[in-house]
Amino acid sequence: MKVVFLSGLLTFALITGLTATEPPDTLFLRGDSLKVYYLGKIVVYPGPDINPGYLSVTSAFCINRKTLKNSNYEDLSDALKMVPGMDITTGYKNQASLKLRGFQPKHTVVLVDGRPVNEPYYGYIDLSSLLIDDISTINVYKGLTPPGAGANAMAGAVNIVSSAPASQNYMRADISYSSGETSHLGLTSGRRFLKRNDEYYYLISVAKNKSDGYPISKKTHPSGYDDTGLRDNSDYDNLNLNYKLGYLNHSLGELGLSLGYYRSEKGIPPAEKGRIDYRRFDDWRRWFIDASARLKKYSKWDIMAKVYYDDYYNTLADYMDDGYSDERLNWYSTHDNWALGFNLDINYKVSKNKQISFTTQVRSESISRQADRDEPWLYNRLVSGSTILGYAQTISGWFSVYLSLNTSYLTHGQFDDIQSVLNPQLGFQTSLNDNVALRFSILRSSRFPTVHELYSQSSGNSELKSENATKVDFGLDITQFFKQDFKTTLFYSKSKDLIYRKGKGFKYQNRASSYTRGIELSLNGNLTRISYNSSYTFTDSKDGETDNRLEEIPRHRFFMMLNYNPGLGINLGLSFLSVSERPWYDNYTVPSYATFNGQFSKQLGNHLLFYVNVDNIFDTFYYEEYGFSMPGRQISTGIKLTL
């Protein structure tokens, strides 16, 4: 494993010495005329006239549409693996979750077009359930917490911004087939109508995914295969529908309405080590409606508002054995949850170099759950919100400062019992020249307990209070230096009042503390016919009392993605991910691993793209979480048609 790490780091160093020329013509579908859905953005930093680089004031990362298309990702969790400081794992419940700079998934708010999508009961989201077909950009915020992220972005936030049609007519089809009788069908269609100063548009996306399961590496043969050689109970069948309708007036502003529906049935592969459960999600549904508006009639004011409703429903079946028959059913639980929210962002430009912002958010969550078919229904409700005042100023064109004050609150449905917390933030950036900048931020962030932590029948504690963290971030950015971008960030966080339980059945308590320190390095750029994206992260997360390493967090993580364009409409891609060992619970350890993925695509005319992906080229056997083996080599082939 050390050899793999050293070879990867050597490649990282050698690339910095190559001579750069003009970037190659990126190879994604010609005529793929989608643009960013403006109403899907969130307030991150007041004022493009002051400093379009909120991203330079704090630690952040952006994945654009070109990168997504060149890589032919079919799963959002795969795309996020390129982000420095982010660890993506799949294990318990067969759900893909993210850990940002040593924090747990529940500490990061995931948004789609500025709408929080973290599931109300547990506080996190299965990334693989989100539609990737019409994404324009993915923005990851790790330093200063964006005001638009709401009350619980203790670690940071991820905002997935969808697309809107840019041309009068747009249509795209994506069809692929891969190992395990796995198929994907995606259809996207949109149109933009122009009438004087007005524009009307719509975009509809449909994705159907089905699989009999995934193969495990043939190098190792653990328990968990079924008769077909696929991972036992790893099948899935899901459907994703999204519809967007918009109106744009260049003088007044923009209105948008989005609706979506997701349905899934999937198995949960039983663990190969430790406790073994036999479970299936018989029904997993989510639907939403999101109405957004932006008013820009007055030159000094920019106002955005959003109202949304999310509905979640799932049934989980637990069986006695791998027969998964109703006669051998242990229990059958049902969750029926919804969330209703409102966001308001107001920006006022005091002068060319000064701007203030005001953001307020309210979110009501209602949870209904039944532990088994014969058990009574339990009901709970939470209301949370935040109000943020922000101020930004640029001094002499080379120094920018941003500060904000965030007041967040939580009530259990009775407004005479309110928890509140005050979180200040300060960030600044100084430009040494046109290519080099230093940035620094310090802030306090928090997260309120989830319904599960407050009201779980076995472990709930209604007296829990918020978790809190102090975070410091210092970075150096070198941009467009011989067509290369280099960023390095030193980060530190200290958390207290963390919600913890000794084991299943024990009550949750605000008793734990931890601290994390680390460094992120990233290097991206374009060579003669090569583009690349590379990063290395060192994360040292420890228990605040025992000084032992925290479970689930690897110390070393290295990622590299190369794309080569030899001409003739051909693109070759290779990505490499290396993750060091990580401690697990009950003194177990998840071994280190390294995987390679390859991509080939060929443009056929102006509208058709043929591609082949090979994931886990060397058929490596590995775990991301203890006892849950990941797929072996998988080959997929497909076409993308754009009209």
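Rank these by accessible area, largest first, 1.4 Å probe: 517, 286. Working shown, then result.
Details: 517 110, 286 20 Å².
Output order, biggest surface exposure first: 517, 286.
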If you take the charge dipole of the chain about its Cα centre, with +1 on Lys and Arg Cβ and -1 on Asp and Glu Cβ, which of 102, 144, 553 is farthest toward its positive end?
144
When Lys and Arg each count +1 and Asp and Glu each count -1, what net charge do the other residues less than 15 Å away from residue 485, Cβ to Cβ, add up to?
+1
Around residue 442, with a cut-off of 11 angstrom between Cβ atoms, what is the net charge of the other residues, counting Lys and Arg +1 and Asp and Glu -1?
+1
What is the chain by shape, rounded, prolate or oblate, if you read a ≥ b ≥ c off the alpha carbon gyration tensor as root eigenvalues and call it rounded for a/c under 1.5, prolate for a/b larger than b/c, and oblate otherwise?
rounded
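Ranked by accessible surface with a 1.4 Å probe, highest first, in what order do 410, 194, 344 come? Display every interim value, and only then the final one.
On the way: 410 5, 194 105, 344 40 Å².
Sorted by accessible area, descending: 194, 344, 410.
Given a 1.4 angstrom probe, I'd like the percentage of the accessible area of the chain that is carbon and sulfur, rounded to a whole number.
Details: 15560 of 27110 Å².
Within the chain, the accessible surface is 57 percent carbon and sulfur.
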Which value, in Å² rounded to 10, gives the accessible area of residue 491 with a 1.4 Å probe and all protein chains present?
10
To the nearest 20 debye, the chain has a Cα-centred charge dipole, built from +1 on Lys and Arg Cβ and -1 on Asp and Glu Cβ, of 2180
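Ranked highest first by the average count of other Cβ atoms within 10 Å around their residues, in what order do 151-158, 258-265, 564-571 fall? Please list the in-between numbers first.
Numbers: 151-158: 27.9, 258-265: 18.2, 564-571: 14.9.
Packing proxy ranking, top to bottom: 151-158, 258-265, 564-571.
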Quick note, region 103-261: a/c under 1.5 would make it rounded; otherwise a/b > b/c is prolate and the rest oblate (a ≥ b ≥ c, C-alpha gyration tensor); here it is oblate
Charges on Cβ only, +1 for Lys and Arg, -1 for Asp and Glu, centred on the Cα centroid of region 309-369; of 325, 358, 312, which one is farthest towards the dipole's positive end?
358
Set 66/602; 210/504; 496/542; 244/300; 106/218, cut-off 24 Å on Cα-Cα distance; pairs above it are 210/504; 244/300; 106/218
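So what is the accessible area of the chain per residue, in Å², with the probe set to 1.4 Å?
Per-residue value: 42 Å².
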Selection from 486, 410, 395 lying farthest towards where the dipole of region 382-498 points positive, charges on Cβ
486
Probe 1.4 Å - accessible area at residue 398, Å² to nearest ten:
130
By accessible area of protein heavy atoms, probe 1.4 Å, what ranking do 144, 403 get, highest first?
403, 144
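Where Lys and Arg each count +1 and Asp and Glu each count -1, what net charge lies around residue 86 among other residues with Cβ under 9 Å from its Cβ? It would help to have the intermediate numbers written out before the result.
Working: positive: 81, 99, 101, 142, 557; negative: 87.
Value of the local net charge: +4.
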Report the accessible area of residue 212, computed with a 1.4 Å probe over the heavy atoms of all protein chains in place, in Å² rounded to the nearest 10.
80
Using helices alone, what [θ] at 222 nm do you get for the chain, with -39,500 (n - 2.57) per DSSP H run of 4 or more residues, divided over all residues and rounded to the nearest 500?
-1500 deg cm²/dmol
Using packing as a proxy for protection, rank 546-556, 324-334 so that the peptide with the highest average count of other Cβ atoms within 10 Å comes first.
546-556, 324-334
Any lysines whose Cα falls less than 22 Å from that of residue 219, other than same-chain ones fewer than 8 residues away, would be 2, 273
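The values are calculated or read from the model by the stated rules, or taken from the named source; none is laboratory data. Because the structure is predicted, anything quoted here is derived from the model rather than measured. Glycine gets a Cβ as well: all are built from the backbone with ideal geometry, and neighbour counts include every protein chain shown. These area figures cover heavy atoms from the full protein model, side chains too; ligands, DNA and RNA do not enter into them. Shrake-Rupley method; radii C 1.70, N 1.55, O 1.52, S 1.80 Å.
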